[in-house]
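**Student:** What follows is a structure written as structure tokens; I'll ask about it next.
Coordinate-derived values only; no laboratory data. As the structure is a prediction and not an experimental result, all values here were calculated from the model. Positions of Cβ are backbone-derived with ideal geometry, glycine not excepted, and every protein chain shown enters the neighbour counts.
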Ligand code: GLN
């Protein structure tokens, strides 16, 4: 196995995750198999407990890991399926070392950052070998110069010595800002960042320079000279219109060629036709549709990353551009839903936690149901659709989810006390007091679809596997009552104990699912529910125009 390590310099948010994913895409297009790892310097054991405002979306894998959102990019850009071994944090590394220390594994020795923490990091990297891929792409979170990332950088420095020079490439992502008053691209931040990296003992092989305009040969020569890299290893990472263009831009700059040369791997020429077609479809669609996303973290695109991408993919499947209108559910609470969703073609209520804006989301759902606007409820969105239906159609006054009102007379959504965990294949019991961490239903679960349903017509298959991340569930006690009132349960767990999908018959497109379909959507394989939802929104728009 060969290894590519990606570090970042100057400042965060330069798109290291997308760069890593794009390199993966290019390597796959050359016929190599890849795998990824994200090493995050923060102390949280995983991002599961972090506020999406701070950290962005928590990406959930098939095997039930709560991970960094970059793993979402890795899956979307390649054929890979990520899991627990693809994301580690300082917290998880220290946790494991301290557990060993308590167990007496270190036989009385002094436990230190070097070698114990660095060895632990290297053993995490080596876990990737189980995948048997040709190439592992490892992204170090944070920015070079942070105190927190030092042990990771030291570990990857040692790693090259351990496995041999010809098996490792270091790529550093920096910023080359264009300064208007000077009319110049400035290379100084890059020089400083590389200097910082070299002081830790890592000499980058390739520099990815994030910039607004193409680096001229002169600028490249200057960077090459000051940073001691070859000139053809200075790559322009120019801003693009759609993120799916990044692999193509990198290829034009010769990045994939340079990598295979440095690693001494022989591959075929890359096949990039599918990427070119994808970018063309995204940039030049023939139709357009507007979707209202009614949520809480609406002002932060990062917290709905996979959702936004899944909507783009759904648009792609229908040759349409999807304009997303973020609507703050608290606004709907105050203003009422009618005005805010008046000229949209579909309403989507995504997943979420916490009681803020809940009644606003319920209002938005009622509005979509009554006005027959295509409605898609995901996780919390599905739970609130059940609440709305219970209150307003089945006339269960005061119905709610136990999450928001533990004393509701009709707990149509409730906290499950025990369930069969599909990952460990064991029954899990929830401790009443300990409600956080380890008690969520996480990861992929099977679901059986009803033949005559919207879900089946979208998926065209009986059994699906979708990813979960929630504590509350549909309360089967209300199965009959709500069923008689017209709610359809079109997706159930194989043992029929869990309701996974609800639908309404007298509505052009109304579907709520307990799982998060957005995590499995890929640009090359748009998720069937998103494709079907966008199609319904297009139809709705057509009908309204007529
Ligand atoms: N808060 C809800 C629950 O825990 C929904 C979670 C979600 O939307 N992911 O069940």
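**Student:** Could you tell me the relative contact order of segment 147-264? Use alpha-carbon pairs under 8 Å, at least six residues apart, and round to a whole percent. Walk me through the numbers before you get to the answer.
**Tutor:** Details: 154 pairs, mean separation 28.0, N = 118.
The normalised contact order for segment 147-264 reaches 24 percent.
**Student:** What is the helix-to-structure angle for 16-29, meaning the angle in degrees between its Cα long axis and the longest Cα principal axis of the chain, kept from 0 to 90 and rounded to the nearest 10?
**Tutor:** That helix lies at roughly 80 degrees to the long axis.
**Student:** Restricting the count to DSSP beta bridges whose residues both fall in segment 159-317, what percent are antiparallel, rounded to a multiple of 5?
**Tutor:** Beta bridges within segment 159-317, antiparallel portion: roughly 15 percent.
**Student:** Kirkwood-based Rg over Rh for segment 408-546 (C-alpha set), two decimals?
**Tutor:** For segment 408-546, the value is 1.00.
**Student:** Each label point is 7 Å from the Cα along the Cα-to-Cβ direction; what then is the distance between the points at residue 95 and residue 496, in nm?
**Tutor:** Here the answer is 3.9 nm between the modelled labels.
**Student:** Treating the angle as unsigned and between 0 and 90°, give the value, to the nearest 10°, between the Cα long axis of helix 528-545 and the longest Cα principal axis of the chain.
**Tutor:** Between helix and principal axis, roughly 60 degrees.
**Student:** What percent does the relative contact order of segment 160-204 come to when contacts are Cα pairs within less than 8 Å and at least six residues apart?
**Tutor:** 33 percent
**Student:** Provide Rg and Dmax in Å for the chain, with only Cα atoms included in the calculation.
**Tutor:** For the chain, the Cα radius of gyration and maximum Cα-Cα distance read 24.9, 80 Å.
**Student:** Could you give me the radius of gyration and the Dmax of segment 464-524, taking only the C-alpha atoms into account and expressing both in angstrom?
**Tutor:** Using the Cα atoms of segment 464-524, the pair Rg, Dmax is 12.9, 41 Å.
**Student:** In square nanometres and to one decimal, what's the mean projected area of the convex hull around the Cα atoms of segment 108-212?
**Tutor:** 8.7 nm²
**Student:** Taking every pair of alpha-carbon atoms in segment 150-307, what share in percent sits in each 5 Å bin, from 0 to the bin with the longest distance?
**Tutor:** The distribution over segment 150-307 is 1, 7, 13, 15, 16, 15, 13, 9, 6, 3, 1, given as percents.
**Student:** How much of the DSSP beta bridge set in the chain is antiparallel, as a percent to the nearest 5?
**Tutor:** If I count the DSSP bridges inside the chain, around 35 percent turn out antiparallel.
**Student:** Still on this structure, please answer the following. Where q = 0.14 Å⁻¹, what log10 of I(q)/I(0) comes from the Debye formula for segment 323-472, counting one point per Cα?
**Tutor:** -0.81
**Student:** So what does the Cα-only Debye profile of segment 8-62 read at q = 0.15, 0.22, 0.26, 0.31 Å⁻¹, as log10 I(q)/I(0), no solvent term?
**Tutor:** Ignoring solvent entirely, the Cα scatterers give -0.60, -1.06, -1.19, -1.27.
**Student:** When DSSP assigns beta bridges and you keep just the ones with both residues in segment 329-429, what percent turn out antiparallel, to the nearest 5?
**Tutor:** Around 45 percent antiparallel, to the nearest 5.
**Student:** Write down the radius of gyration of segment 47-141 and its Dmax, each obtained from C-alpha positions, in Å.
**Tutor:** Answer for segment 47-141, Rg first and Dmax second: 15.2, 46 Å.
**Student:** When the helix-only estimate is applied to the chain (DSSP H runs of n ≥ 4, each -39,500 (n - 2.57), divided by the residue count), what is the mean residue ellipticity at 222 nm, nearest 500 deg cm²/dmol?
**Tutor:** Result for the chain: -10500 deg cm²/dmol, rounded to the nearest 500.
**Student:** Under the Kirkwood approximation applied to all pairs of distinct alpha-carbon atoms, what is the hydrodynamic radius of segment 131-184 in Å?
**Tutor:** Every distinct Cα pair counted, the radius reaches 14.0 Å.
**Student:** Further, regarding this structure: If packing is taken as the mean number of other Cβ atoms within 10 Å per residue, what is the order of 213-221, 66-74, 114-122, 301-309, highest first? Display every interim value, and only then the final one.
**Tutor:** Values: 213-221: 15.1, 66-74: 25.6, 114-122: 17.9, 301-309: 21.1.
So the order, starting with the most tightly packed, is 66-74, 301-309, 114-122, 213-221.
**Student:** Roughly what angle does helix 273-283 make with the longest principal axis of the chain, taking Cα atoms, 0 to 90 degrees, to the nearest 10?
**Tutor:** That helix lies at roughly 60 degrees to the long axis.
**Student:** Relative contact order (percent) for the chain, with alpha-carbon contacts under 8 angstrom and 6 or more residues of separation?
**Tutor:** Rounded, it is 15 percent for the chain.
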